[in-house]
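Undergrad: Handing you this structure, nothing more for now.
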Amino acid sequence: MDEADRAFAGALEACADLDTLLRLKGAYVGREGSHAARMMDLLKAAPKEQKRELGAAVNAFKQRWEEGLKARQADLEAAKKAVGASSWDATLPPPMPARGALHPLNRLMDRLVDVFRPLGFHVEEGPEVETEEHNFDGLNIPADHPARGSADTFYLAAHPGRLLRTHTSPVQVQTLKRYGKDGARLLNEKGGIRFLAPGRVYRKDEIDPTHSPMFHQVEGMLVGHGIGMQHLKGTLEYALRALFGPHTEIRLRPSYFPFVEPGCEVDVSCPLCAAKGCRVCKGSGWVEILGAGLIHPNVLEFAGIDSKEWSGWAFGMGVERMAMMLSQTPDLRLFFENDQRFLEAMGGLD
Ligand code: DAH
């Protein structure tokens, strides 16, 4: 190999980046001042009879260098691309994997359960596909009650008599029946019943900011000896203060549900404005939070429990309603769209 070729090969080998390569290119094959350009100058000055031979030699040099430069450039470009694809900067904060968490509605239901657990309440679960017997009959809901119509209730076409439960109250019937079996053996053994039943319920409602065909309720029930309204009121006052703060007041308004007698609706003093009057309580200082009452004797008797010996109370509350109030979320649908930004902002429900 010629001296000039050897020098070129060494310089090319040492060339580790494209900038250096560009400079090398200028030095060897550039238009002016390069090795090739100087060779051309010498060629011009050479005797005529040598020009042909020298010209061929100069061209051969130039061609070899150009090829070498081109090959090296391709290598360096490929290397740069590969590094770019896998490159990482140790000084950047690492991408954090998104942390999973319970849905805000589940967290709120968990909180309710946590409030009642120290009072001896456990959790009962019932199926979402229910029978008319559990969803209506066992709850003293008459055969001609409008809620039984197919305009309000999802009936399962392939399974006559089956429906998607319209409330969590059928868990009352399921549980009472279990405790009332064998002459109320379990009821006597445990000295009563205390449970919460959180879960999904279904109604044929059009979707809008305050309605959804699927929503959540929490049912509560207590059966014992000599249970009256005072126990219901005392327990709810305790639980709702634990939920909304120690200064919360509650008020009971008479209302009607077939499965309780007497029945009532329960309001809490608005936890957002301390009952001064705001948008959430519509200026009244009170927000309705649940339906409740003393268990109708028919409900106990239906499950095989002697209503002269046993009595109790029950309540049912809407979870979305409460979550919307606590978080001041104006649109119920946000809870079901699972937009991560919304879910993350709902941390306040804990
Ligand atoms: N099941 C009723 C509803 O969905 C709520 C309810 C009211 C439940 C009174 C109860 C109760 O247990 O005592 O509207």
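The values are calculated or read from the model by the stated rules, or taken from the named source; none is laboratory data. Keep in mind the model is a prediction, meaning the values are calculated, not measured. Quick reminder, even Gly has a Cβ in these numbers, built from the backbone with ideal geometry, and neighbours come from all protein chains shown. What goes into the accessible areas is simple: the full protein's heavy atoms, side chains included, and nothing from ligands, DNA or RNA. Shrake-Rupley method; radii C 1.70, N 1.55, O 1.52, S 1.80 Å.
Undergrad: Can you tell me which of V115, V129 is farther than 14 Å from T166 by Cβ and modelled with pLDDT of 95 or more? Can you show your working first?
TA: Working: V129 fails: farther than 14 Å from T166 by Cβ.
From the options V115, V129, the qualifying one is V115.
Undergrad: Across region 131-164, which residue is farthest from the ligand (Cβ to nearest atom) among those that are touching a Ser or Thr at 6+ places or on another chain (Cβ under 7 Å) and open to solvent by less than 10 Å² (accessible area, probe 1.4 Å)?
TA: L163
Undergrad: If you check every pair at least six apart or on different chains, which have Cβ atoms under 8 Å apart with a residue in region 41-59 that is farther than 17 Å from G30 by Cα first and a residue that is among the aliphatic types (A, V, I, L, M) and open to solvent by 90 Å² or more (accessible area, probe 1.4 Å) second?
TA: L54/L42
Undergrad: For region 237-246, does any single residue satisfy the condition of being within 16 Å of the ligand (Cβ to nearest atom) and buried (at least 16 other Cβ atoms within 10 Å of the Cβ)?
TA: yes
Undergrad: Condition test on G318, is it small (G, A, S) and either touching a Pro at 6+ places or on another chain (Cβ under 9 Å) or within 16 Å of the ligand (Cβ to nearest atom) (or both)?
TA: Working: small (G, A, S): yes; either touching a Pro at 6+ places or on another chain (Cβ under 9 Å) or within 16 Å of the ligand (Cβ to nearest atom) (or both): yes.
Judged against the criteria, G318 is a match.
Undergrad: Of all residues in region 6-45, count the ones that are of a type in the set (G, A, S) and either under 16 Å from E77 (Cα atoms) or open to solvent by 90 Å² or more (accessible area, probe 1.4 Å) (or both).
TA: So the count comes out to 2.
Undergrad: I need every pair where a residue in region 281-301 that is assigned by TED's automatic domain parsing to the domain that holds R321 and more than 22 Å from E133 (Cβ to Cβ) has its Cβ under 6 Å from the Cβ of a residue that is open to solvent by 10 Å² or more (accessible area, probe 1.4 Å) and near the ligand (Cβ under 9 Å from one of its atoms), sequence separation at least 6 or different chains.
TA: That search, which allows pairs on different chains as well, returns E288/E265.
Undergrad: Within 12 Å of the ligand (Cβ to nearest atom), touching a residue at least 40 places away in the same chain (Cβ under 8 Å) and under 24 Å from M325 (Cα atoms): which single residue out of H167, H211 fits that description? Give the derivation first.
TA: Numbers: H211 fails: within 12 Å of the ligand (Cβ to nearest atom).
Sole residue among the options that is within 12 Å of the ligand (Cβ to nearest atom), touching a residue at least 40 places away in the same chain (Cβ under 8 Å) and under 24 Å from M325 (Cα atoms): H167.
Undergrad: Suppose we filter region 34-60 for residues that are assigned to a loop (DSSP other than H, G, I, E, B), farther than 16 Å from F8 by Cβ and touching a helix residue (DSSP H, G or I) at 6+ places or on another chain (Cβ under 8 Å); how many remain?
TA: Counting residues in region 34-60 that are assigned to a loop (DSSP other than H, G, I, E, B), farther than 16 Å from F8 by Cβ and touching a helix residue (DSSP H, G or I) at 6+ places or on another chain (Cβ under 8 Å) gives 1.
Undergrad: Could you list, in sequence order, the residues of region 214-231 that are assigned to a strand (DSSP E or B) and within 14 Å of the ligand (Cβ to nearest atom)?
TA: Within region 214-231, M214, F215, H216, Q217, V218, E219, G220, M221, L222, V223 meet the criteria.
Undergrad: Can you name every residue in region 185-208 that is more than 12 Å from the ligand (Cβ to nearest atom), closer than 14 Å to V223 by Cα and assigned to a strand (DSSP E or B)?
TA: Within region 185-208, I193, R194 qualify.
Undergrad: Would you confirm whether or not region 266-286 contains a residue that is within 16 Å of the ligand (Cβ to nearest atom) and surrounded by fewer than 19 Cβ atoms within 10 Å (Cβ to Cβ)?
TA: Checking region 266-286: not a single residue is within 16 Å of the ligand (Cβ to nearest atom) and surrounded by fewer than 19 Cβ atoms within 10 Å (Cβ to Cβ).
Undergrad: Taking region 52-85 as the region of interest, how many residues are surrounded by 14 or more Cβ atoms within 10 Å (Cβ to Cβ) and either in contact with a Pro (Cβ under 6 Å, 6 or more places away or on another chain) or not aliphatic (A, V, I, L, M) (or both)?
TA: 10
Undergrad: Moving on to the next point. Please state which one of V266, V260 is touching a helix residue (DSSP H, G or I) at 6+ places or on another chain (Cβ under 7 Å) and of a type in the set (A, V, I, L, M, F, W, C). Break it down stepwise before answering.
TA: Working: V260 fails: touching a helix residue (DSSP H, G or I) at 6+ places or on another chain (Cβ under 7 Å).
Just a single option satisfies the conditions, and that option is V266.
Undergrad: Now a separate question. Taking region 253-280, which residues are in a loop (DSSP other than H, G, I, E, B) and either without any contact (Cβ under 8 Å) to a residue 12 or more places away in the chain or under 28 Å from the mean Cα position of the chain (by Cα) (or both)?
TA: Y256, C270, P271, L272, K276, G277, C278, R279, V280
Undergrad: Could you list, in sequence order, all residues of region 300-326 that are part of a helix (DSSP H, G or I), in contact with a helix residue (DSSP H, G or I) (Cβ under 6 Å, 6 or more places away or on another chain) and more than 21 Å from L243 (Cβ to Cβ)?
TA: If the condition is that a residue be part of a helix (DSSP H, G or I), in contact with a helix residue (DSSP H, G or I) (Cβ under 6 Å, 6 or more places away or on another chain) and more than 21 Å from L243 (Cβ to Cβ), then F302 is the only one that fits.
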